[in-house]
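Read the structure below first, then the notes.
Quick note: the coordinates plus some simple rules give every number you see, no bench work behind them. Nothing here was measured: the structure is a model prediction, and the numbers come from that model. Every residue, glycine as well, gets a Cβ built from its backbone with ideal geometry; the counts of neighbours run over all protein chains shown.
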Amino acid sequence: MGVQPVPRVQPAPGLQVYGIAADYRLFEDGLLTMQAQQTVIFNRPDTLYDRMFETILWANLKVGWMNQKVETNLNIAYNPEHGSGMTKASAYYVFTDSWKTGVTALSLDGPPQSLFGRYSRNDQVEMEAVYSW
């Protein structure tokens with residue numbers, strides 16, 4: 001009876017996420033949120049991951065108008081390693097505490113292998129009605 005070698009299964013690559021964020025109230029109904037996030041992939045196979053470090057810089061501006069009857073939101077993200085970015089803008093009219101309706105536009109841009117560029121053919125504009133309880 002001989003000893004059979006057992007194939008070794010490699011675990012998924014290690015993943016660490018680091019970040020920092022800050023909120024700042026610009027005025028009574030305007031809130032600016034900024035965030036920097038870095039993902040570090042340890043023991044990455046070169047065939048699956050282009051870079052060991054991926055950074056995303058986020059900025060979000062949320063503003064309420066007309067006594068909170070109109071909500072606007074502008075969200076921008078940038079990935080400096082690839083030069084890719086995302087912009088999302090929305091505006092809602094609030095009918096009641098439960099109902100609101102609005103329009104949202106999303107734009108993704110960058111090289112095809114970048115974080116946002118790989119989805120750039122999916123830019124969209126949508127209208128929606130939201131019910132919350």
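When peptides 72-82, 20-30 are ranked by their average number of other Cβ atoms within 10 Å per residue, the highest-first order is 72-82, 20-30. Note on Asn67 and Met34: the model spin-label points, each 7 Å out from Cα along the C-beta direction, lie 3.5 nm apart.
If R0 is 41 Å, the Cβ-Cβ spacing of Ser107 and Trp133 corresponds to a FRET efficiency of close to 0.85. Packing, taken as the mean count of other beta carbons within 10 Å per residue, orders the peptides 58-64, 123-129 from highest to lowest as 58-64, 123-129.
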